[in-house]
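Undergrad: Mind having a look at this structure? Questions to follow.
The values are calculated or read from the model by the stated rules, or taken from the named source; none is laboratory data. Being a predicted model, the structure only gives us computed values, none of them experimental. Every residue, glycine among them, receives a Cβ derived from its backbone with ideal geometry; neighbour counts consider all protein chains shown. Keep in mind that these areas ignore ligands, DNA and RNA; they rest on the heavy atoms of the full protein, side chains included. Shrake-Rupley method; radii C 1.70, N 1.55, O 1.52, S 1.80 Å.
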Amino acid sequence: MSSECEVNYVCSCGKSMPLIYLFFCKYCVTLRCPRCLSHEVDSYYCPHCLENIPSTDAKSTKNRCLSCLECPNCTNFLQVRSAQVPTVRRDGGGKLKGFGSFKKVYYQQCSFCFWTTRDINQPDRESTSGPWVDTPPEDAWMSSVINYWRHLMQKEKVEMEKRKRQRRGSLLGSLGISDKLLPFSKLRGTFSMNLAGSGQFDENIVKSFVKVEASEETEPADESLYTAPGEAYDYATIPSRINQPCDSVYKSTDLKARCTHLMVKRSQRCRECEHNLSKPEFNPASIKFKIHQIALRFVPRFHIVKKVEITDDAFTKVQLSLTNPAEHNLPVQLVPIPEGHPVLKTLTGEVVLPGKEIVLAARDDTTQFDPENQSSEFDDDPEVVISRRLNKVTFTVKVKKMEGSEGPVRIGFVLRYKYKNLTPSIRPEEPKEAEEVLVEPVLTIVL
Amino acid sequence: MNYDSLKIARGAVVCAEADLRGDVTVGTNTIIHPKVRIFAYGGPIVIGEGCLIEEQTVIINRGDLSDEELGKFLKETETRPPQARSGKNAPLRALQAQCSYVCGKAVGEAQNIGNYNFFEVGSHVQAMKIGSNNVFESKCKLGRKLTVGDGCVVSVFCALEKEDHLGDRTVVYGPNNQRRKQQDKPMPQTQQLEFLAKVLPNFHNLKKSNVAASPEPKG
């Protein structure tokens, strides 16, 4: 299969892409591209330690795995390394007295770009347990701010409710008994106050709020930036700066190891019929799927056997191979694209399709390694069908470049075949003949 | 000047299956695994002490060899077993038959490789000057015009063909040969060196050492 030639299938929405990216909805009996599907998050997991993380935990840690770190330079995983370091004995004045026995220290290292925590002058640790990343000091400030505004919000809500009640007037009020004296209203009041106090905030922090005023004058840049010769290695790269927006990283010593971002296992469903087309397994270490209706399993796949030069003088024979995904013999027919299809505008080649049906042999996984000669079983036109092997057929089509077209030759046709839904029915007492539905995906082939 | 003078210092472990041709000098505590090809074609090669040269490494002092000739030479020598050294002077004609391309010059430019370098499996080294404490990971390729400082790391499959100098403690990594500087030099592989020095002689025949002290780098 040549990697330069492309076989694209046109999805029901009009977008065309190779078959490997498409799904097949067997309820709508049509191809679906990733854009025709809606996504749902199934579960979160860490790509390094492959641990499943419940969604509440993920939310509280902002979608980060607390036990794994990623390199700020290349975003690969950091691994703990140990080193033997001699203990240093110092006397009272801080002077170096001598070296003691060796002790083990730990630091983090990236195995891809060899970045270590020592590069940012982070001291080595003596134990592997405990968090490697300190919570930034701004976190406490930020949560105080958020809680303060929440408190204000609750206060406002309570006041509004009070005003509403006062406007409506109360029966008891007209009797002369104040709202506050009644037991229920007291409880009501305390309830809402409790809700407001759910987050603690420091009054001092709130008092330190300063209104920020914009000014035209800015701090002048450091003089050394203009005079000192800078080395490229001293400054952090742009991708690593973008990864750490909170810290305004400038030099490479400002980079910090971050907790690994969690990945998501998602299930996809068809937007039209709302059936699930892709549902992965729960276990993060597993790459299997519970439901996996990829187009490769339902739609015959074309390959271009050999790349040939196509001219606009005469028809050239191009060999294509077709693989049958179904476990029964599949007769297929290639027909031209109907008039008015938008794909017709992009075609730059004319194609003469084989008029007759081609029968594809069934896919049989048991005979994968000992192919028998099957060509005698099928009545093949020797001009069209060249060879057969298991469930694959190689045949020829004649292609000619359209006059006045430039660039790669693009031909298009429709593959017509019948799809049988062979999943067993729920009620075994009603054996139904499996319905055959006509499927006609449109293909474009770039030669 | 003896073309085929192999000087192995005492303490070096050089397997007999390693193919060393030409004027090659190996320092103490260096370990050369079998199936290593060290060809001093364009001039002598001096390898420092404590180096660890793993299997299928090619260290070649290329001289004036063109790319095609080099490719042909390497392909020929890939599977051909090295000739057993008789120790004393092999006749020059026999030598010419072994090493089918013979350097026309009496003395060529020396290729100096420093101490405590680690050449992982399959690395291809043509660089003329290499410092100490470097790590060259598997299948990396260093071109002839490259010079390497101390403490560098060239990552897996990185090819550095152009004329350049890798400063001290440079790390070359990634498919696009990205670079960065690291704080510490890579640690010398003392544990591996000790282990291999003990274990390799049990399983391989070794070439005998014929020089007492570690040699000085030439030129």
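Undergrad: Can you tell me which residues in segment A:105-136 are within 14 Å of chain B (Cβ to nearest Cβ), without any contact (Cβ under 8 Å) to a residue 24 or more places away in the chain and among the charged types (D, E, K, R)?
TA: A:R118
Undergrad: When A:Y27 is evaluated against the numbered criteria (1) more than 14 Å from chain B (Cβ to nearest Cβ); (2) farther than 30 Å from A:Y417 by Cα, which criterion, by number, is the only one it fails?
TA: (2)
Undergrad: Mind checking which residues of segment A:13-72 are over 30 Å from A:Q108 (Cα atoms) and polar (S, T, N, Q)?
TA: If the condition is that a residue be over 30 Å from A:Q108 (Cα atoms) and polar (S, T, N, Q), then A:S16, A:T30, A:S38 are the ones that fit.
Undergrad: For segment A:71-90, does any single residue satisfy the condition of being free of Cβ contacts under 8 Å to residues at least 12 places away in the same chain, over 20 Å from A:L262 (Cα atoms), open to solvent by 50 Å² or more (accessible area, probe 1.4 Å) and more than 14 Å from chain B (Cβ to nearest Cβ)?
TA: Scanning segment A:71-90 turns up at least one residue that is free of Cβ contacts under 8 Å to residues at least 12 places away in the same chain, over 20 Å from A:L262 (Cα atoms), open to solvent by 50 Å² or more (accessible area, probe 1.4 Å) and more than 14 Å from chain B (Cβ to nearest Cβ).
Undergrad: Could you please find all residues in segment A:246-290 being among the basic types (K, R) and away from chain B (no Cβ under 14 Å)?
TA: Once the filter is applied, which keeps residues that are among the basic types (K, R) and away from chain B (no Cβ under 14 Å), segment A:246-290 yields A:K256, A:R258, A:K265, A:R266, A:R269, A:R271, A:K279, A:K288, A:K290.
Undergrad: For segment A:377-391, enumerate the residues that are touching a Phe, Trp or Tyr at 6+ places or on another chain (Cβ under 8 Å) and either open to solvent by 100 Å² or more (accessible area, probe 1.4 Å) or not in a loop (DSSP other than H, G, I, E, B) (or both). Spell out the reasoning first.
TA: If we filter segment A:377-391 for residues that are touching a Phe, Trp or Tyr at 6+ places or on another chain (Cβ under 8 Å), which is where we start, we get A:384-386, A:388.
Of everything in segment A:377-391, those that are touching a Phe, Trp or Tyr at 6+ places or on another chain (Cβ under 8 Å) and either open to solvent by 100 Å² or more (accessible area, probe 1.4 Å) or not in a loop (DSSP other than H, G, I, E, B) (or both) turn out to be A:V385, A:I386, A:R388.
Undergrad: Hey, another quick one. Is it the case that B:Q189 is within 19 Å of B:H33 (Cβ to Cβ) and open to solvent by 40 Å² or more (accessible area, probe 1.4 Å)?
TA: Values: within 19 Å of B:H33 (Cβ to Cβ): yes; open to solvent by 40 Å² or more (accessible area, probe 1.4 Å): yes.
Taking the combined requirement at face value, the residue satisfies it.
Undergrad: Looking at segment A:31-55, I want the residues that are more than 30 Å from A:K418 (Cβ to Cβ) and have a partner that is part of a loop (DSSP other than H, G, I, E, B) and open to solvent by 30 Å² or more (accessible area, probe 1.4 Å) with Cβ atoms under 6 Å, at least 6 apart or on another chain. Which pairs are those?
TA: The qualifying pairs are A:L50/A:A285.
Undergrad: I would also like to ask the following. Which residue is surrounded by the most Cβ atoms within 10 Å (Cβ to Cβ), if the candidates are limited to segment B:129-145 and must be assigned to a loop (DSSP other than H, G, I, E, B) and in contact with a Phe, Trp or Tyr (Cβ under 6 Å, 6 or more places away or on another chain)?
TA: Applying the first criterion (assigned to a loop (DSSP other than H, G, I, E, B)) to segment B:129-145 yields B:131-134, B:137-140, B:143-145.
If we keep only those that are in contact with a Phe, Trp or Tyr (Cβ under 6 Å, 6 or more places away or on another chain) too, we end up with B:132-133, B:139.
On the way: B:S132: 20, B:N133: 22, B:K139: 16.
Only one residue fits best here, namely B:N133.
Undergrad: Scanning segment B:103-154 for residues that are hydroxyl-bearing (S, T, Y) and within 23 Å of B:L74 (Cα to Cα), which turns out nearest to the chain's Cα centre (by Cα)? I'd like the intermediate steps shown before the answer.
TA: Taking segment B:103-154 first, the residues hydroxyl-bearing (S, T, Y) are B:116, B:123, B:132, B:138, B:147.
Of the ones still in play, those that are also within 23 Å of B:L74 (Cα to Cα) are B:123, B:138, B:147.
On the way: B:S123: 9, B:S138: 14, B:T147: 14 Å.
Of everything passing the filter in segment B:103-154, B:S123 is nearest to the chain's Cα centre (by Cα).
Conditions (1) touching an Asp or Glu at 6+ places or on another chain (Cβ under 6 Å); (2) surrounded by 14 or more Cβ atoms within 10 Å (Cβ to Cβ); (3) at pLDDT 85 or above, marked per residue:
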| site | (1), (2), (3) |
| --- | --- |
| A:E213 | no, no, no |
| A:S224 | no, no, no |
| A:T227 | no, no, no |
| A:D234 | no, no, no |
| A:P239 | no, no, yes |
| A:S248 | no, no, no |
| A:L255 | no, yes, yes |
| A:T260 | yes, yes, yes |
| A:S286 | no, no, yes |
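Undergrad: Quick one: is A:S43 of a type in the set (G, A, S) and open to solvent by 20 Å² or more (accessible area, probe 1.4 Å)?
TA: No: the conditions fail for A:S43.
Residue-wise test of (1) open to solvent by less than 10 Å² (accessible area, probe 1.4 Å); (2) modelled with pLDDT of 95 or more; (3) not acidic (D, E).
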site	(1), (2), (3)
B:C103	no, no, yes
B:G114	no, no, yes
B:A127	yes, no, yes
B:T147	no, no, yes
B:C158	yes, no, yes
B:D168	no, no, no
B:A197	no, no, yes
B:L206	no, no, yes
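Undergrad: All but one of (1) more than 13 Å from every other protein chain (Cβ to nearest Cβ); (2) part of a loop (DSSP other than H, G, I, E, B) hold for B:L193; which doesn't?
TA: Failing condition for B:L193: (2).
Undergrad: List, please: which pairs have Cβ atoms under 9 Å, are six or more places apart or on different chains, and start with a residue in segment B:128-147 that is on the phi > 0 side of the Ramachandran plot and end with one that is part of a strand (DSSP E or B) and crowded, with 21+ Cβ neighbours inside 10 Å?
TA: Pairs that qualify, where the first residue is on the phi > 0 side of the Ramachandran plot and the partner is part of a strand (DSSP E or B) and crowded, with 21+ Cβ neighbours inside 10 Å, are B:N133/B:F118.
Undergrad: Continuing with the same structure: Residue by residue through segment A:10-29, note down the ones that are farther than 10 Å from A:Q293 by Cβ, open to solvent by less than 70 Å² (accessible area, probe 1.4 Å) and either of a type in the set (K, R) or touching a Lys or Arg at 6+ places or on another chain (Cβ under 6 Å) (or both).
TA: A:L19
Undergrad: Any residue at all in segment A:81-90 that is at pLDDT 90 or above and among the hydrophobic types (A, V, I, L, M, F, W, C)? Working first, answer last.
TA: Start the filter on segment A:81-90 by keeping residues that are at pLDDT 90 or above, which leaves none.
Looking for residues that are at pLDDT 90 or above and among the hydrophobic types (A, V, I, L, M, F, W, C), one finds none in segment A:81-90, hence no.
Undergrad: Of everything in segment B:116-125, what is surrounded by 22 or more Cβ atoms within 10 Å (Cβ to Cβ) and charged (D, E, K, R)? Give them in sequence order.
TA: Of everything in segment B:116-125, nothing turns out to be surrounded by 22 or more Cβ atoms within 10 Å (Cβ to Cβ) and charged (D, E, K, R).
Undergrad: Further, regarding this structure: A:F282 fails exactly one of the following numbered conditions: (1) over 18 Å from the mean Cα position of the chain (by Cα); (2) open to solvent by 70 Å² or more (accessible area, probe 1.4 Å). What is the number of that condition?
TA: All conditions are met except number (1).
Undergrad: Given B:K185, B:K198, which one is more than 8 Å from chain A (Cβ to nearest Cβ) and in a loop (DSSP other than H, G, I, E, B)?
TA: It is B:K185.
Undergrad: Oh, and also: Select from segment B:120-175 the residues that are away from chain A (no Cβ under 14 Å) and among the small types (G, A, S) and list them in ascending order.
TA: B:G122, B:S123, B:A127, B:G131, B:S132, B:G143, B:A159
Undergrad: Give just the number: which of (1) open to solvent by 70 Å² or more (accessible area, probe 1.4 Å); (2) in contact (Cβ under 8 Å) with a residue 12 or more places away in the chain does A:K97 not satisfy?
TA: (2)
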